[in-house]
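Nothing in this text is a laboratory measurement; each read-out follows from the coordinates by a stated rule. Given the structure is predicted, the values throughout are model-derived calculations rather than measurements. Here Cβ is always computed from backbone atoms with ideal geometry, including for glycine, and neighbour counts include all displayed protein chains.
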């Protein structure tokens, strides 16, 4: 993975706990990569984590409690894990991730419209019952909605896995940082599952993966799967 135009990348301070990115690098305005405050924390100085109020179920997290300490530890990343997280975000931007996500909806809508028009033309419904035309239109819209859900999830998962591969294949240090990154994400989610109570059990699996919003809507590849792919990359000597 190479950055052809470093001047097109600009950093800013992000509020959350993970890198964020916007735009695509080949636009004149370039891209913006957000660096979270916890990336400025070390085991001896966790000010990037503890200097803010994090509310869970309307109550601030007590960082000195057992669960708070576990969450604090999960939010602190080594330099290798930080480099991996930033590299995968840059790879995602270089693959035009925001643009690909934005094109899924109009592509599915155009496909649904083409399907509806085609069916009406083939069966000669334009000169027939308006009710039948309405039924075909509804079926086309339903097909478009299902296509959007499936295509959106497929695009997200493909981008996730490719970004991980691009970052982890840079070197063994990046790959090991990737393992730590996903181990920390899983640990964070397990801690949040406990802190959030019943709502946490609805959102997070016992192993730390996110529960999908629905059976059809698996928006991102599971963290355990992504971690295992990096492990395989290390074992195969491709990192």
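What angle do you read, to the nearest 10 degrees and between 0 and 90, between the alpha-carbon axis of helix 79-94 and the longest principal axis of the chain? Once rounded, one gets 20 degrees. Fewest-first ordering of 76, 203 by other beta carbons within 10 Å of each residue's beta carbon gives 203, 76. Going by alpha carbons, how many degrees (0 to 90, nearest 10) lie between the helix axis of 172-195 and the longest principal axis of the chain? So the helix axis and the longest Cα principal axis differ by about 80 degrees. Using R0 = 30 Å, the C-beta based FRET efficiency linking residue 53 and residue 101 works out to 0.45.
State the percent of C-alpha pairs, over all pairs in segment 109-239, separated by a distance greater than 26 angstrom. Present the calculation step by step, with values, prior to reporting the outcome.
On the way: 4041 of 8515 pairs.
Here the tail beyond 26 Å accounts for 47 percent of pairs.
Averaging the Cα positions of each part gives two centres, and for segment 1-66 and segment 105-154 these lie 42 Å apart.
Which of 156, 163 comes first, and how do the rest follow, when ranked by fewest Cβ neighbours within 10 Å? Walk me through the numbers on the way to the answer.
Values: 156 18, 163 22.
Lowest to highest Cβ neighbour count: 156, 163.
Using only the Cα atoms of segment 60-139, build the gyration tensor, take square roots of its eigenvalues as a ≥ b ≥ c, and label the shape rounded, prolate or oblate: rounded if a/c is under 1.5, else prolate if a/b is larger than b/c, else oblate.
Working: a/c = 8.38, a/b = 2.70, b/c = 3.11.
It comes out oblate by the Cα gyration axes.
Express in nm, to one decimal, how much length is gained between residue 145 and residue 236 on full extension, taking 0.36 nm for each residue of separation and deducting their alpha carbon distance. Working shown, then result.
Working: separation 91, 0.36 × 91 = 32.76 nm, distance 4.00 nm.
My answer for the length gained is 28.8 nm.
Sequence-distant contacts, meaning Cα pairs under 8 Å at least 6 residues apart, place the relative contact order of segment 6-235 at 19 percent.
Against the chain, whose longest principal axis is taken from its Cα atoms, helix 130-168 shows a tilt of about 30°.
Normalised radius of gyration for the chain, please: alpha carbon Rg relative to 2.2 N^0.38 Å, two decimal places.
Working: Rg = 22.1 Å, N = 239, 2.2 N^0.38 = 17.6 Å.
Its radius of gyration relative to the 2.2 N^0.38 Å reference: 1.25.
What share of the DSSP beta bridges in the chain is antiparallel, in percent to the nearest 5? Roughly 55 percent of the beta bridges in the chain run antiparallel, per DSSP. Each label was represented as a point 7 Å from its Cα along the Cα-to-Cβ direction; for residue 162 and residue 187 these points are 3.2 nm apart.
As a proxy for reagent exposure, ranking 191, 50 by other Cβ atoms within 10 Å from fewest up yields 50, 191. Ellipsoid fit via the Cα gyration tensor, segment 34-78: semi-axes of 18, 12, 8 Å, each the root of five times an eigenvalue, largest first.
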